[in-house]
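In what follows, a single structure is set out as structure tokens and then discussed.
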């Protein structure tokens with residue numbers, strides 16, 4: 001098969017270390033200062049949207065290379081994705097006061113923001129983290145447990161499906177998943193992938209896979225790839241051939257039980273779990289990836305304060 005990634009990795013935001021500047025080619029100059037990038041997704045016109053968690057905002061980079069703030073405050077937005085109708089979906093952690101953790105949908109033409117999930121069975125969500133969708137337009141998202149959940153949040157975290165009529169169903173929770181993070185659905189809608197990211201000693205740091213039925217239910221749980229004892233994956237995307245592109249690993253220890261066994265970068269896995277390629281990223285902490293460009297062959301990668309891109313041989317998906 002074709003080698004998934006080709007060409008030179010480009011830096012699309014220039015705030016990088018001298019080491020990174022020596023090893024990669026700078027693409028553009030911008031004036032925005034980005035602190036911790038996450039959640040890239042690409043609009044129909046090629047604009048890349050991504051979150052800056054430390055500064056509580058959603059950023060955007062135009063096809064011409066101009067970077068600007070799309071929304072601030074973002075209510076601690078993390079994962080983003082454009083749905084099948086090019087509306088911007090966002091996992092928001094809330095502002096700690098009046099705005100609760102939630103999943104929102106923004107109409108990009110009007111700017112109207114709609115809350116599509118903020119609780120389940122009368123309890124609040126914890127920390128919505130990442131999203132994907134299937135061919136029917138159903139949305140799947142992960143909700144991670146917080147460090148000190150309030151009573152109204154207890155027992156809510158897991159993986160959820162939002163149907164096209166707006167109804168919400170939790171499809172996974174403990175013990176099936178403990179700390180769900182990245183999520184993606186295969187191009188044929190047959191497999192659901194979830195990343196587990198537990199930093200404590202002995203906790204799961206792996207990708208799980210489930211069979212996904214036409215009704216959006218899961219079965220046949222298995223470990224797709226185990227990153228332990230290194231840092232697990234964070235976010236991921238998938239190409240048209242079903243290969244996973246997983247943002248994982250560390251360049252430097254960060255005071256947890258995680259080791260450097262997982263080398264920082266994009267780990268490309270075949271549908272059978274074979275590691276096809278590793279795209280090294282010299283900056284911590286690598287967080288997520290998404291396909292874009294007119295041919296869906298540009299992979300955008302968020303890491304630390306930087307947005308990277310690399311061309312791929314295989315056409316991606318928007319999931």
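What is the chain's relative contact order, in percent, from Cα pairs under 8 angstrom and six or more apart in sequence? If you can, show how the numbers build up before the last one.
Values: 910 pairs, mean separation 52.0, N = 319.
Rounded, it is 16 percent for the chain.
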*Quick one: P(r) of the range 83-206 from all Cα-Cα pairs, 5 Å bins, percents rounded to integers, in order of increasing distance.*
2, 11, 21, 24, 20, 13, 7, 2, 0, 0
*asked:* For the chain, set up a GNM with springs between Cα atoms under 10 Å and report which of 146, 235, 122 has the largest fluctuation.
replied: 122
*Difference of contour (0.36 nm per residue) and Cα-Cα distance, residue 114 to residue 68*: 14.3 nm
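If you count, for each residue, the other Cβ atoms within 10 Å and average over each peptide, how do 292-304, 35-47 line up from highest to lowest? Intermediate results must be reported in sequence, preceding the final value.
Details: 292-304: 21.6, 35-47: 19.6.
Per-residue Cβ counts within 10 Å, averaged per peptide and sorted highest first, yield 292-304, 35-47.
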*How would you classify the range 38-139 from its alpha-carbon gyration tensor, with a ≥ b ≥ c the square roots of the eigenvalues: rounded for a/c under 1.5, else prolate if a/b is greater than b/c, otherwise oblate?*
oblate
*Grab the DSSP H runs of the chain that are 4 residues or longer, score each as -39,500 (n - 2.57), total them, divide by all residues and round the 222 nm result to the nearest 500 deg cm²/dmol.*
-500 deg cm²/dmol
_Using square roots of five times the C-alpha gyration tensor eigenvalues, list the equivalent-ellipsoid semi-axes of the range 79-121 in whole Å, biggest first._
20, 11, 9
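Is the C-alpha gyration tensor of the range 147-305 telling us rounded, prolate or oblate? Criteria: a/c under 1.5 is rounded; beyond that, a/b larger than b/c is prolate, otherwise oblate. Don't skip to the answer; put the middle values down first.
Numbers: a/c = 1.66, a/b = 1.12, b/c = 1.47.
The shape class here is oblate.
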*Taking a quarter of the surface of the Cα convex hull of the chain, what do you get in nm²?*
15.4 nm²
*asked:* Which of the three applies to the range 243-298, rounded, prolate or oblate, going by the alpha-carbon gyration tensor with a ≥ b ≥ c and a/c under 1.5 meaning rounded?
replied: oblate
*Roughly what would the spin-label model give for residue 98 and residue 44, points 7 Å off Cα along C-beta, in nm?*
3.3 nm
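Beyond 19 Å, what share of the Cα-Cα pairs of the range 224-319 is found? Please give it as a whole percent. Mind showing how you got there, number by number?
Numbers: 1631 of 4560 pairs.
It works out to 36 percent of all Cα pairs.
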*Packing-based ranking, highest mean first, of 98-109, 161-172, 276-287 given that Cβ atoms within 10 Å are counted*: 276-287, 98-109, 161-172
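Since every read-out is calculated from the coordinates, none of them should be taken as a lab result. Predicted model, so just to flag it, every value in this text is computed and none were measured. No Cβ is skipped: glycine too gets one built from the backbone with ideal geometry, and neighbour counts run over all protein chains shown.
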